[in-house]
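Please read through the structure below; I'll follow up with questions.
The values are calculated or read from the model by the stated rules, or taken from the named source; none is laboratory data. Note that this is a predicted model, so its numbers are computed, not measured. Because the Cβ atoms are built from the backbone with ideal geometry, glycine has one as well, and the counts that use them run over all protein chains shown.
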Amino acid sequence: MTQDSCAPSIILVEPQMAENIGAVARAMANFGLLDLRLVRPRDGWPNARAYPMAAGADGILDRARVYGSLAAALAGITRAYAATGRDRAMNKAVLSPAEAGERITATLAQGRGAALVFGAERAGLSNEDVVLCDAVLTIPTVPDFYSLNLAQAVIVCAYAWFSGAERGGATKAASMGDTRPATKEELFGL
């Protein structure tokens, strides 16, 4: 399966709990993201414990692909954004989810792949993983409690991308495909 050209991929690096992977799939489905890539999931994959938390987003879990490294998971991706709550001493742009969403929309509009990259629940992304990404994105929170649950972080970023893309018409065009609006006669004939 290739990346859906209308939406970013979600890459989870060393996710620890299958339940969180399921919750991520549900968050993805809410905003039309279909491509889930897993890097070395701790409890293996596929994992039956993910499905109850997916709440109907089973197709995303069924199509999820497993990779041995983040570098391999980034195949076909032109721009990757590392989600982190920690300050990184790196020469990378630090973006809000909305700013990253705008850049992702622009990348996708050029027919190129984009990804949001998230780390393990316990410690997040390693510096080695962040280095492979083009920019860092942080979700503003209170400094004393900055760590979000994995699915919460994904849904905030997915919403930021979706709401920006929707304003630009990208998601509407993507969801309609080659269809045309129904005429009034067709609507009333139902």
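Among the listed residues ARG40, ARG103, ARG79, ARG26, which satisfies the condition of being more than 15 Å from ALA153 (Cα to Cα) and either of a type in the set (Ser, Thr, Tyr) or out of contact with any Ser or Thr (no Cβ under 9 Å at 6 or more places or on another chain) (or both)?
Answer to the selection: ARG103.
Please go through region 89-121 and pick out each residue that is among the basic types (Lys, Arg) and in contact with a Lys or Arg (Cβ under 8 Å, 6 or more places away or on another chain).
ARG103, ARG112
Further, regarding this structure: Among the residues of region 28-37, is there at least one that is among the hydrophobic types (A, V, I, L, M, F, W, C), touching a Gly at 6+ places or on another chain (Cβ under 9 Å) and surrounded by 23 or more Cβ atoms within 10 Å (Cβ to Cβ)?
No, because not a single residue in region 28-37 is among the hydrophobic types (A, V, I, L, M, F, W, C), touching a Gly at 6+ places or on another chain (Cβ under 9 Å) and surrounded by 23 or more Cβ atoms within 10 Å (Cβ to Cβ).
Residues of region 117-156 being surrounded by 14 or more Cβ atoms within 10 Å (Cβ to Cβ), out of contact with any Phe, Trp or Tyr (no Cβ under 9 Å at 6 or more places or on another chain), within 18 Å of VAL24 (Cα to Cα) and of a type outside the set (S, T, N, Q), which ones?
PHE118, GLY119, ALA120, GLU121, LEU148, ALA151, VAL156
Please enumerate the residues belonging to region 96-111 that are at pLDDT below 95 and not in a helix (DSSP H, G or I).
Across region 96-111, the qualifying residues are GLN110, GLY111.
Just one of ALA73, ALA114, ALA64 is crowded, with 16+ Cβ neighbours inside 10 Å, closer than 16 Å to MET17 by Cβ and within 17 Å of the chain's Cα centre (by Cα); which is it?
The unique qualifying residue is ALA64.
Can you find even one residue in region 127-146 that is among the β-branched types (Val, Ile, Thr), under 15 Å from the mean Cα position of the chain (by Cα), within 17 Å of ASN20 (Cβ to Cβ) and part of a helix (DSSP H, G or I)?
Looking for residues that are among the β-branched types (Val, Ile, Thr), under 15 Å from the mean Cα position of the chain (by Cα), within 17 Å of ASN20 (Cβ to Cβ) and part of a helix (DSSP H, G or I), one finds none in region 127-146, hence no.
Please list, ordered by first then second residue, the pairs with beta carbon atoms under 7 Å, 6 or more apart or interchain, first in region 103-125 and over 18 Å from GLY32 (Cα atoms), second in a helix (DSSP H, G or I) and charged (D, E, K, R).
The qualifying pairs are GLY119/ASP129.
If we scan region 10-24, do we find a residue that is surrounded by fewer than 20 Cβ atoms within 10 Å (Cβ to Cβ), of a type in the set (Gly, Ala, Ser) and either out of contact with any helix residue (DSSP H, G or I) (no Cβ under 6 Å at 6 or more places or on another chain) or over 23 Å from TRP161 (Cα atoms) (or both)?
no
Write out, first by first residue and then by second, each pair whose Cβ atoms fall under 7 Å of each other, whose residues are 6+ apart or on separate chains, and whose first residue, in region 130-145, is within 25 Å of ALA72 (Cβ to Cβ) and in contact (Cβ under 8 Å) with a residue 24 or more places away in the chain while the second is part of a helix (DSSP H, G or I) and among the basic types (Lys, Arg).
Within 7 Å, no pair qualifies.
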